[in-house]
Amino acid sequence: VLLRTVFTPAGEIPSLGNYSFMRTLTGSMEPAIPVHSFIVTEAVDPESLQVGDIITFRSTESKLEGALNTHRITSVYEEGGQLMFHTKGDANAVEDSEPVSSINVVGKVVFISAALGTVVSLFSNPLVFFPFVVVPLVLLLGFELVKLVKSTKEVARAEDEAALRAAVEQVRRKRAAEKDKETPEE
């Protein structure tokens, strides 16, 4: 999950199955969701959403066009056969200016962790990711390759020794058989 979150290109939502993984970038939902928290959203039927649920959605506000936003639902209504949600950040003084259409809902927030958000932030930084993740993995891979080569050599040597013993034994049997033919019977 951490790697999927770190390596997902900008503009895409990292997800596995019905779950999406993100980090909050602002304090609009504090104290419920601190800045830089790691959140998991679950894709749900918009009809199951209700007032008080925290959702992540693609914003249609002109200054945020298409950006992801995570706010609490303050009201639910239907307009033109489409389910709509008014939302508001807990730390914001007013509701969001544009309602959220159900087609723009990414999912309902089901998990929040400030600590994991810090970890994701750290590993998103190449100066941390490479020395603390990539370098140890490369070293581990190198050690495993050395062990594999050594084991392969040992197996090959053992097979060679077994083949040599079998050949020596075969020669001994052949000589013994020849010796038995040469000795006259009494």
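FYI, it's all coordinate maths here, none of it is from the lab. Bear in mind the structure is a predicted one, so any value in this text is a computation, not a measurement. All Cβ positions, glycine included, derive from the backbone under ideal geometry; neighbour counts span all protein chains shown.
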_With bins 10 Å wide starting at 0, give me the P(r) of the range 121-186 over every alpha carbon pair, in whole percents._
17, 19, 15, 14, 12, 9, 7, 5, 3, 0
*asked:* Give the lysines reachable from LYS63 as a straight Cα distance under 30 Å; neighbours fewer than 8 places away on the same chain don't count.
replied: LYS88, LYS108
*Would you mind putting 71-78, 122-129, 98-105, 165-172 in packing order, based on average other-beta-carbon counts within 10 Å, highest first?*
98-105, 71-78, 122-129, 165-172
*Can you list the lysines whose alpha carbon sits under 23 Å from that of LYS174, skipping same-chain ones fewer than 8 residues off?*
none
*Could you work out which residue, out of LEU25, LEU139, LEU83, moves most in a Gaussian network model of the chain, that is, has the largest mean-square fluctuation with Cα springs under 10 Å?*
LEU139
*Taking the Cα centre of the range 86-163 as the origin and placing charges on Cβ (Lys, Arg +1; Asp, Glu -1), which of VAL106, LEU137, SER124 is farthest toward the positive end of the dipole?*
LEU137
*Between [x] 45, 42, 31; [y] 55, 40, 27; [z] 118, 40, 25, which matches Cα extents along the principal axes in Å calculated for the structure shown?*
[z]
_How large is the Rg to Rh ratio of the range 14-82 when both quantities use alpha carbon positions and Rh follows Kirkwood?_
0.96
*Can you figure out the FRET efficiency of THR152 with VAL128, using R₀ = 30 Å and their beta-carbon distance, to the nearest 0.05?*
0.25
